[in-house]
Each structure stands twice: as C-alpha cells, then as structure tokens.
Amino acid sequence: MTGLTRVVHIIQNLNYGGMERLLADIVGRLDRSRFEPRVLCLQYAGRFASEIEGVAPVGVAPRYSRLSMLRPTGLAAVIRSYAPHVVHTHSGVWYKASLAARMAGVPRVVHTEHGRARPDTLPHRLLDGTAARRTHVVVAVSEALAGELRDRLLVPAERVVVIHNGVDTQRFRPRADAGRIRAEIGLTAGSTVIGSIGRLEPVKGYDVVLRAFGALPLAWRQGRDAALVIAGDGSERGRLQALAQELRIDDRVFLLGWRDDAEDLLATFALFTMGSRSEGTSVSLLEAMSSGVCPVVTSVGGNAHVLGPPLGHRLVPPEDHAALARAWQMAVQDDASRSRDGQLSRRRVIDAFSIDAMVRAYERVYAGA
C-alpha cells in the first residue's frame, strides 16, 4: 500500500439516496494504483454497505453525545487510527467531521455539498460557514449550488469547485417494459405511469407531486388509466399517504418504499417527475434521463442545467402543482415529442454527466491538482 493516497469518506449512513449512490460510485471507480478508499458512517451502515464492502472497508463510528459537536475527540481518534491523507465529508456531517479531521491532523479535508435544505436557516449557515473555513476544497454538484456557497456561506471562490454528478449510462439505458412492476401493483399494460424515485422528505416536494396528480381532470386520469408511482422512503411517508386519501387519489397512487430495481421502474415510467423545492444535481433525475425517460421537473437548483436548453420546456416553477399537472398532460398527449425528449435526455447525460469524468475530477481534488 506504500505510496497510495488513503481517502476516508465520512457520511451519516449508506441508506439509499443520490448522495449515497454517488459515494458508492466514487469508491468503486477510484484508480486503485493511486488511491485507497475507506468509508466511515456516523450513524449506521445501511443498504449500500454490502455493495461498497466488496471494494473498500466500511466502518461505523461509536455513538457520541451531542456535546461531541463542540469537541469531537472520540471521532478524531477514530479518524487518526485510519491515518488518512484525505478526509472527504458529505452533506450532514460537515461541521463535526471537518473539526474532527483537523483535530486528527489530516493533511487535506474535502467536502461535497450535495444540496441545501429549505429553509436554509441562519444557524445551519453559520455552522457550515465555520466548517468551510477549515475545509481545503468545497465541491458543489451544480453551478447554482456553488453560487449559494459563495454568496450565503461566504466560502472563498478559490475553494469552491464544481463537479457535476455522473451516472453509469450502461447500467441506466433504455429498456423495454417487461411488465413486472405493473403486474406487482396491479396496473394494466396500457396504463400511463407518472413516476419518481427519491427520498420522501419535505425538500423533495412530493406533496406538490400528489396535489398535481389530484389536479389532473378525473376523465383524463381515467381515460389513460393513469397512476402515480413513487419509489423511496422518508419522514414524509405517513403525511403523503394521508394527503393521497384526502385528495381521493389513494387508489391510483403507489408509494413503494425503497427498491433495488430502479432500472425496471424507469422502464415502466412514461414520465419521470420531481416537485423538489431545492436540488443539487439529482442522481435520480440523471438515471431517468440516461434511461431515455422524458423528465418533467421543477426549475430549482441544478435541474435547469441538467436538462439543458433543448429540454428547458420540461421545467415548471416550484410550488405550482397546477403547472406541474399541465406539463404532465402536455407530455403524455404528445407521444412523438415525449419520445424525442427521452432520446435528447439520454444524449444529454452521455455528453455532460459521465461517471468516469466525475471520478477523475475527484481524483484531481484528492491529489491537490
């Protein structure tokens, strides 16, 4: 192992989500002749751990008291035992992990900001601004997010680097719908499936998505045997189930929980949609577009850049469920336009969001280039 740069990723957990998927891809694709990756979880390992453990060790830090935020000596000791050259923190652990890394004498601290919470409160900004001052490189996953870091957290521009998320375009490619998902949830072969994959948290705006589905005219929904299928889980699940009942759409809304079959889900979707209130560069959106699924998403964060000018007409304002519903209707009613935009989506990801380009960019950051 002599001569290798040891990189320790620190994250809350490895449960399903775009950030966790991204970490797994970075760890799995680093140049092993130059880098030795490890992963340290501060809460628990989670679902991605088994995938990562095949290529890198995954550890779980002991539980610490809340006061450890002020002086995380225990975490610093764990980091020191790994003897890393680089500590790479991810959203949710920045303040505590960056302080512990500096206490442990780590030569280089890198942080990736995957997206900002909404509302982005003053205490949150103050903590992250403090963490930024002890971080050598702050990676933003979109230009919009980089601007927030500079303007709202006052991170010096020379410390901010934009590295767009990337996805595996071979794994996520256009596929025929085998009908398995439809059979599982009781949909007909001709039903129109509006779909999404994401965390059920307020920032993701799935309440807006449900209200948009409820705003679709009943005759339109019935005429197309339309269904809304959402894969993912989170703190909002109970509230979303209650909202679906309140809107009287619960018989056509399917909340599937976490899934391991994103490729099959995407093959089922006529559209991929998001009602996000904030985004960095959504991995789920990239996977859908790489799979040739036409997107209809809110114009927040990095979404406009992901779609690019040719697909800008598929963006809608945030918090506007009526506009989202109209955009779905337009896309579903025009098969030729939707098919063309699915093809444009895949080309956009291949050209601008290569997973290999993303990993090589992180390698340059680790090396100090």
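The values are calculated or read from the model by the stated rules, or taken from the named source; none is laboratory data. Computed from a predicted model, the values in this text were never measured in an experiment. FYI the Cβ positions are ideal-geometry reconstructions off the backbone, even for glycines, and counts take in every protein chain you see.
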(request) From Arg277, Arg346, grab the single residue that is closer than 22 Å to Ile163 by Cα, surrounded by 16 or more Cβ atoms within 10 Å (Cβ to Cβ), among the basic types (Lys, Arg) and under 15 Å from the mean Cα position of the chain (by Cα). (result) Arg277
(message) Regarding the stretch 21-31, can at least one residue be identified that is acidic (Asp, Glu) and either at pLDDT 95 or above or within 13 Å of His85 (Cβ to Cβ) (or both)?
(response) yes
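Residues checked against (1) outside the structural domain of Leu256 (by TED's automatic domain parsing); (2) under 26 Å from the mean Cα position of the chain (by Cα); (3) within 25 Å of Glu363 (Cβ to Cβ); (4) not small (Gly, Ala, Ser):
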site: Arg21; (1), (2), (3), (4): yes, yes, yes, yes
site: Arg29; (1), (2), (3), (4): yes, yes, yes, yes
site: Arg32; (1), (2), (3), (4): yes, yes, yes, yes
site: Pro37; (1), (2), (3), (4): yes, yes, yes, yes
site: Gly59; (1), (2), (3), (4): yes, yes, yes, no
site: Pro62; (1), (2), (3), (4): yes, no, no, yes
site: Leu70; (1), (2), (3), (4): yes, no, no, yes
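The rows are residues; the columns are (1) closer than 30 Å to Arg29 by Cα; (2) free of Cβ contacts under 8 Å to residues at least 24 places away in the same chain; (3) of a type in the set (S, T, N, Q); (4) surrounded by 15 or more Cβ atoms within 10 Å (Cβ to Cβ).
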{"position": "Pro318", "(1), (2), (3), (4)": "no, no, no, yes"}
{"position": "Ala331", "(1), (2), (3), (4)": "no, no, no, yes"}
{"position": "Asp334", "(1), (2), (3), (4)": "no, yes, no, no"}
{"position": "Arg340", "(1), (2), (3), (4)": "no, yes, no, no"}
{"position": "Ala352", "(1), (2), (3), (4)": "yes, no, no, no"}
{"position": "Asp356", "(1), (2), (3), (4)": "yes, no, no, no"}
(request) Sort through His111, His88 and tell me the only one that's in contact with a helix residue (DSSP H, G or I) (Cβ under 6 Å, 6 or more places away or on another chain), in the same structural domain as Arg360 (by TED's automatic domain parsing) and either in a strand (DSSP E or B) or surrounded by fewer than 21 Cβ atoms within 10 Å (Cβ to Cβ) (or both). (result) His111
(request) With the checklist (1) touching a helix residue (DSSP H, G or I) at 6+ places or on another chain (Cβ under 6 Å); (2) modelled with pLDDT of 95 or more in hand, flag the one item Pro174 doesn't pass. (result) (1)
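Yes/no matrix, rows are residues, columns are (1) buried (at least 21 other Cβ atoms within 10 Å of the Cβ); (2) touching a residue at least 24 places away in the same chain (Cβ under 8 Å); (3) assigned by TED's automatic domain parsing to the domain that holds Val296:
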{"residue": "Val229", "(1), (2), (3)": "yes, yes, yes"}
{"residue": "Gly234", "(1), (2), (3)": "no, yes, yes"}
{"residue": "Asp250", "(1), (2), (3)": "no, no, yes"}
{"residue": "Leu285", "(1), (2), (3)": "yes, no, yes"}
(request) Pairs only if they're at least six apart or on different chains, beta carbon under 7 angstrom, first in the stretch 135-160 and surrounded by fewer than 22 Cβ atoms within 10 Å (Cβ to Cβ), second of a type in the set (Asp, Glu); list them, first residue then second. (result) Arg152/Asp120
(message) Suppose we keep only residues that are touching a His at 6+ places or on another chain (Cβ under 6 Å) and within 14 Å of Val55 (Cβ to Cβ) within the stretch 14-44. Which one would you say is surrounded by the most Cβ atoms within 10 Å (Cβ to Cβ)?
(response) Val39
(request) Please identify the pairs in which a residue from the stretch 57-73 that is at pLDDT below 90 has its Cβ atom under 8 Å from the Cβ atom of a residue that is charged (D, E, K, R), counting only partners at least 6 apart or on another chain. (result) Ser68/Lys96; Met69/Lys96
